[in-house]
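Read through the structure below, which is laid out as structure tokens, and then see the notes.
Laboratory data are not the source of any read-out in this text; all were calculated from the coordinates shown. Just so we're clear, the structure is a prediction, and the values are computed from it rather than from any experiment. As a convention, Cβ positions derive from the backbone with ideal geometry for all residues, glycine included, and neighbour counts pool all protein chains shown.
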Amino acid sequence: MTLKNKTDNPRVIHEFEGGPTHLFWQNPMFFGTEYKSDVMKPMVLHECRYHKVFVDQKITPTLEAVAWEKIELAVTCEECEECNEETCPKSIEEVGQKGSGMQLSETLEGWVIDLGKCTPWVIVRPLVKVFSEEMEKQLSANEHKGGWKTCSPGFLMDELKRNYERLRWAINRGGDKEEVTKRAANIANFAMMLAENEGKLNT
């Protein structure tokens, strides 16, 4: 799937207390029958990924936040220069409920990103980042052993305990810093494997 041309999308269509709540994206030049189907969601996120609102609100757009919608935008009577409440030239279909003080300004149909359903950024502490690099170092050193997807919980628990005992031994022997760091990273790795295989951790 490709886009025939670029547009000025996305645009903010709703705000609450001064902050954006929804983005709208549409490209009528997109060709193909899948334009309104869910297979378009990754494309929408790709096209909108650099919008300033995500950085300002420190959020990441997700597939769950994207939906195809038809939206009617309105302005208050004070913002409409065509009439007043008594002499409105618009039809009931254009204005909506008479006396509501709102006037239909635009009808949109396209992809909407609900910012409230986006994922907040996780700020990784510097120490966590350094430790995760040590975890990766130990995983790489043991790459030849294969993965852990098929390992039983009992095996992973035994390996975690084995590394715990070696960590305790290293600390009791005077705290060999390199060994302590290695064993601590191994313990974290086996805990991660258990969290993926038996818990809810996933990528």
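At-a-glance table
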| quantity | calculated |
| --- | --- |
| For region 101-203, size of Cβ-based charge dipole, Lys and Arg +1, Asp and Glu -1, in debye | 600 debye |
| Residues in region 35-58 that a label on LEU108 would reach, taking backbone N under 13 Å of a point 7 Å out along Cα→Cβ | none |
| Extension gain from VAL128 to SER140, taking 0.36 nm per residue of separation minus the Cα-Cα distance | 2.5 nm |
| Under-5 Å amide H pairs with ALA74, H placed in peptide plane, nonlocal only | SER105 |
| Among the listed pairs LYS41/LYS149; LYS137/LYS200; LYS117/LYS137; LYS129/LYS161; LYS58/LYS129, those beyond 28 Å (Cα-Cα) | LYS41/LYS149; LYS117/LYS137 |
| For region 159-165, Karplus couplings with θ = phi - 60° (6.51, -1.76, 1.60), whole Hz, Gly/Pro x | 5, 5, 5, 4, 5, 5, 5 |
| In order through region 110-125: 3J(HN,Hα) via Karplus (6.51 cos²θ - 1.76 cosθ + 1.60), integer Hz, x for Gly, Pro | x, 8, 10, 9, 7, 5, x, 9, 7, 9, x, 5, 9, 7, 7, 5 |
| At R0 = 35 Å, FRET efficiency that the Cβ-Cβ distance of GLU178 and TRP121 yields, to 0.05 | 0.55 |
| Vicinal HN-Hα couplings computed from phi for region 62-72 (Karplus, 6.51 cos²θ - 1.76 cosθ + 1.60; Hz; Gly/Pro x) | 10, 4, 5, 7, 9, 8, 7, 9, 10, 10, 9 |
